[in-house]
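Here's the structure we're looking at; comments come further down.
We did not get these values from a lab; they are worked out from the coordinates using the rules stated. A quick note: this is a predicted structure, and the numbers were derived from the prediction, not measured. Because the Cβ atoms are built from the backbone with ideal geometry, glycine has one as well, and the counts that use them run over all protein chains shown.
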Amino acid sequence: MMRHRWLIALAAIATVFVFVAAEYAEARGGRGGSFGSRGARTFSAPAATKTAPTAAPIQRSVTQPSTATAGAAGTASAAGAAARPGLFGGGMLGGLAAGFIGAGLFGMLFGSGFMGGMGSFASILGLLLQIGLIVIVARLAYAWWQRRNAPPVTAMQSAGSSHGSPATGAGPGPNPQAFGGLGAMFGGNAPAAPAGQPVTLEKSDFDDFETLLGDIQVAYSAEDLAALRARTTPEMVSYFAEELTDNASRGVINQVTDVKLLQGDLSEAWREGDREYATVAMHFALTDTVVERASGRTVEGGTPGEVTELWTFMRLRGGEWLLSAIQQA
């Protein structure tokens with residue numbers, strides 16, 4: 001029994017750690033997590049890169065999941081049928097409810113009363129916790145191995161203009177069979193083929209991305225909606241305007257200064273009709289400060305830090321690149 005208590009405590013600590021890390025990523029810069037549109041790939045995970053092996057899914061978007069990709073309706077329907085909750089609902093709580101009732105019925109059948117089967121259920125719960133911890137450790141180890149052995153697909157090797165050779169198409173994606181049966185056990189599905197046609201990017205494109213990284217931060221800090229409108233899509237302008245309005249209501253200004261690109265990788269670049277998209281993982285230094293509007297007193301942040309985000313840019317063929325999405329790494 002003591003062993004089970006230790007396992008439960010370890011699982012609780014691991015859960016707290018995951019939530020704290022998620023809250024830190026969410027709070028960075030006050031940008032509200034991951035938002036915007038990536039065309040038909042809005043709800044598909046960007047291809048992994050050395051700079052950002054994983055990316056948080058888009059949380060806010062004007063693109064609807066039902067229209068994000070051609071043929072997605074059939075896939076969503078199949079997934080919905082597979083995920084439809086049973087008598088006790090879906091997820092962990094449903095499973096626990098079914099387990100408790102099953103354990104009680106087991107005890108009643110064998111003459112030990114409804115609560116007699118709970119000891120056996122506790123043993124089963126301990127086993128499940130052990131399996132969960134093993135899966136968490138395995139995933140962390142795989143992510144570390146993936147970062148260590150990722151192919152050199154960097155397109156923007158460092159700050160400045162040394163971006164390497166032009167890159168095409170999509171970067172290397174995660175292997176859907178990496179965990180074999182475990183992936184299927186926990187609901188993993190092989191991803192569909194990416195929508196759109198690969199696009200070849202030039203060095204000038206990566207220079208534009210780096211310039212936009214700095215210009216957008218400057219415009220946001222100055223609360224200059226006109227400058228943001230010239231560099232981002234209307235959807236992104238609406239999100240930035242909402243944040244600036246919230247800051248004004250709180251009597252503060254969010255200033256992002258000393259932005260410097262440290263490393264950047266191309267995740268994927270593709271074309272949909274007359275629109276071209278490029279998702280780039282960027283690791284950059286910055287100083288993120290929230291100051292009181294009236295006095296200029298620092299109320300939050302103010303120390304230099306580093307951030308990794310995936311920015312998606314969109315342009316009409318032959319036009320200027322505009323920021324269309326930001327995702328936390």
Fill in the blank from the handout: Taking placed amide H atoms and a strict 5 Å upper bound, the residues 5 or more places from Gly302 or on another chain that come that close are Asp288, Thr289, Val290
Problem - Amide hydrogen neighbours beyond the local backbone of Ser267, cut-off 5 Å, H modeled - result: Thr279, Val280, Ala281
Fill in the blank from the handout: Among Gly305, Ala294, His283, the residue whose Cα sits farthest towards the positive end of the charge dipole of the stretch 212-329, when +1 is placed on the Cβ of each Lys and Arg and -1 on the Cβ of each Asp and Glu, is Ala294
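So if each residue of separation counts as 0.36 nm, and I subtract the Cα-Cα distance between Ser249 and Leu316, what length gain in nm does that give?
Values: separation 67, 0.36 × 67 = 24.12 nm, distance 3.59 nm.
Extra length from Ser249 to Leu316 when fully extended: 20.5 nm.
Quickly rank 201-209, 273-281 as a protection proxy: mean count of other C-beta atoms within 10 Å, highest first. Provide the component values of the computation, followed by the final result.
On the way: 201-209: 17.7, 273-281: 21.4.
Descending mean neighbour count gives 273-281, 201-209.
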Handout entry: Backbone N under 18 Å from the Asp215 label point (7 Å along Cα→Cβ), restricted to the stretch 285-322
Key = 311-322
Practice task
Within 10 Å, count the other beta carbons around each residue, average over each peptide in 54-61, 320-327, and list them highest first.
Solution key: 320-327, 54-61
